[in-house]
Amino acid sequence: MLKIVLVMLCGMGAGYLLRKRSLKIVPSLISVLIWVLLFLLGTEVGGDKRLIHSLSTLGLEALVLSVGGVCGSVLLAWILWKNIKHETKSHDR
């Protein structure tokens, strides 16, 4: 974890020192590196037999968590909307 923080701090320092330069290649480089990291993550996951065998269970758990998160967000947004709408009506009087 310390290595990750140190690498991030080094990147922030480099960004600070290079902030006046026009680095047009950086966004393209970042995109390429993200694709490479995703590919390497996929090869790592695909090589893990235990993970591949439990993929159906993990998919079901992910579906339940996703549906629960969306339903909870919609419910709380609806409650907030009702409260805001109610308060604006009471202030209009």
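The values are calculated or read from the model by the stated rules, or taken from the named source; none is laboratory data. Nothing here was measured: the structure is a model prediction, and the numbers come from that model. The area values use the complete protein model at the heavy-atom level, side chains included, leaving out ligands, DNA and RNA. Shrake-Rupley method; radii C 1.70, N 1.55, O 1.52, S 1.80 Å.
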How do L58, L37 rank by accessible surface area computed with a 1.4 Å probe, from largest to smallest? L37, L58
Nearest 10 degrees, 0 to 90: helix 55-92 Cα axis against the chain principal axis: 40
Quick one: give the max-minus-min coordinate of the C-alpha atoms of segment 7-48 along each principal axis, largest first, in Å. 44, 21, 5
Crossing angle, helix 2-17 versus the chain [Cα axis fit, 0-90 degrees, rounded to tens]: 90
Write down the radius of gyration of the chain and its Dmax, each obtained from C-alpha positions, in Å. 23.2, 66
On a 0 to 90° scale, report how tilted helix 26-46 is relative to the longest principal axis of the chain, with both axes built from alpha carbons and the result rounded to the nearest 10. 90
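Stretched out fully, how many nm does the piece from V7 to E87 gain, at 0.36 nm a residue minus the Cα gap?
Numbers: separation 80, 0.36 × 80 = 28.80 nm, distance 4.84 nm.
Length difference between fully extended and current span is 24.0 nm.
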